[in-house]
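Before any comments, here is the structure.
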Amino acid sequence: MPSKIVIIGAGFAGVWSALSARRLVNSRNRGNDIEILVIAPEPVLVMRPRLYESKASDMVHPLETLFQEAGIKFLPGLVNTIHTERHTVDVQCNSGVVSTITYDRLILAAGSSIVRPQGISGLDQHAFDIDSLDSAIKLESHLEGLASRPTTPGRDTVVVCGAGFTGIELAAELPRRLQHIPNARVILVSNAGDIAHSFGSEPRSTIAQALNSLGVETKLGSGVQAIDAKGITLTSGEYISTETAIWTAGVQATPLTEQILGAKDALSRLHVDRYLRVPSVGGVFATGDAACALADGKEQYALMCCQHALQLGRVSGYNAAAELLGERLMGFEQAAYNCCLDLGPWGALITTGWERELVRVSGDIAKRVKCYINQKLIYPPKDARQALESADPVGMDSDQLFDHLVRVVG
């Protein structure tokens, strides 16, 4: 019987874990000795970083043919329970059958989901989000249907709740997506006193300038207290009439992390060693948004972003296969960090450094870099041979990559 690597999740980290594991196994001519199985609801990669854009239904990349040609098995379903002591997972298959799958190595790559605080009245009933493909499609249908509704201030006003990375990108894109609504109004709400508080002063100034030029209003220093069908009540007491409240504030790792014994951070991510193993249980790796992984060897941890998920996936897949093959493991490291923020028709902003204090480039060139990332770089090749070649865990660091991208587009 071949050994088995089971990967939970087909997001960026899950896909590249599978490809990297298969790449190493093939390079050692051990293809018949190790089976690689991905478990996820559908054999598609949802381009989650692009769900703030229009045409959400197009933001999927098919995986079935790629996996078949690469020698990676796929099981459509959801993992309900992980039994680390027995090295098994219980899967609710899409067919309705419940199966128990045995693994020799398990890679948890089930991602994260948006947090909806229970203390905000009406949040679940009345707020949209763009956390998943279905929710982004639901929002898009709603936005497109606004023109058929009676003209009111609430119809013409869209409120984005949360001025983090996702909230800013969505707010900057909305004026273009609302061109079919005369006098459309976009308001970005944050309980922080500054826009883009996770950025330094220079990038914050650029972001504020871009939002202002796009006509995006901001309400700062006041959080959301309640949402109803006709508007939002802020903690300041102000009421904003809107039929479109969009929640973008906060994410948390997959609930499956709670089934694995081990230390976790405030986002429910499993602490892992430098090889992305969960130290408290044997044979389990965590990767992508499920992993709290030290990135620079000092104090910076990988972020919940595709930039880190891509490399986390390559390293976790390589190491899961390497353990079974008796090979030397590879430590995860991404010491450099660059951030690329889309600012809609205004352009984009690229910062350098973990503190996001320095503007590397902004405006049109940064926008071209962002488009290249969104439309090409984050997609795995459709050809299996090229995809496996791209799964090499040794590659350019963030500084080298962004220097390369600026040269390519500029």
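The values are calculated or read from the model by the stated rules, or taken from the named source; none is laboratory data. Here the structure is a predicted model, which means the values were calculated and not measured. As a convention, Cβ positions derive from the backbone with ideal geometry for all residues, glycine included, and neighbour counts pool all protein chains shown. Heavy atoms of the whole protein, side chains included, go into the accessibility calculation; ligands, DNA and RNA do not. Shrake-Rupley method; radii C 1.70, N 1.55, O 1.52, S 1.80 Å.
Details
- Per-residue Karplus couplings for region 155-171, computed as 6.51 cos²θ - 1.76 cosθ + 1.60 with θ equal to phi - 60°, are listed in order as 5, 7, 10, 10, 10, 9, 9, x, 10, x, 4, 5, x, 5, 4, 5, 4 Hz, Gly and Pro entered as x.
- With protein chains left intact and a 1.4 Å probe, residues in the chain average 43 Å² of accessible area per residue.
- When only the Cβ of Lys, Arg, Asp and Glu is charged (+1, +1, -1, -1), the dipole of the chain relative to its Cα centre reaches about 440 debye.
- Taking every DSSP beta bridge that has both ends in region 133-249, the antiparallel portion is near 35%.
- For semi-axes √(5λ) of the Cα gyration tensor in Å, computed directly from the structure shown, the correct entry in [x] 34, 23, 20; [y] 38, 24, 20; [z] 43, 25, 17 is [y].
- Choice from 224, 359, 281 showing the highest fluctuation, given a GNM over the chain with Cα pairs closer than 10 Å: 281
- Crossing angle, helix 12-27 versus the chain [Cα axis fit, 0-90 degrees, rounded to tens]: 20 degrees
- Summarising the amide proton neighbourhood of residue 231: residues at separation of 5 or more, or on other chains, whose placed amide H is nearer than 5 Å comprise 242.
- Antiparallel bridges, percent of DSSP beta bridges restricted to the chain (to nearest 5): 50 percent
- Accessible surface of region 133-249, 1.4 Å probe: 46 percent of it comes from carbon and sulfur atoms.
- Whole-Hz ³J(HN,Hα) from phi, Karplus 6.51 cos²θ - 1.76 cosθ + 1.60, for region 96-108, glycine and proline x: x, 7, 9, 10, 10, 10, 8, 10, 9, 9, 10, 10, 8
- Cα-based helix-to-principal-axis angle, 201-213 vs the chain, degrees rounded to 10: 60 degrees
- Within the same chain, aspartates and glutamates fewer than 8 places from residue 298 are excluded, and of the rest, those with a Cα less than 17 Å from its Cα are 265, 273, 333, 355, 397.
- For residue 4, the lysines whose Cα falls under 24 Å of its own Cα, not counting residues fewer than eight places away in the same chain, are 73.
- Gained length - residue 397 relative to residue 258, 0.36 nm times residue gap less alpha-carbon distance: 46.9 nm
- Residues whose amide H comes within less than 5 Å of that of residue 262, counting only those at least five positions distant or on another chain, are absent (H built at 1.01 Å from N in the peptide plane).
- Residues whose amide H falls under 5 Å from that of residue 329, counting only those 5 or more places apart or on a different chain, are absent, with hydrogens built in the peptide plane.
- Listed by chain and number, the lysines whose C-alpha is less than 29 Å from the C-alpha of residue 367, apart from same-chain residues fewer than 8 away, are 55, 138, 219, 376, 382.
- For residue 52, the accessible area of its heavy atoms, probed at 1.4 Å with every protein chain present, is near 10 square angstrom.
- For the chain, built as a Gaussian network whose Cα springs stay under 10 Å, the top-fluctuating residue of 269, 204, 22: 204
- Region 8-71 and region 373-392: distance between their alpha carbon centers, rounded to Å: 10 Å
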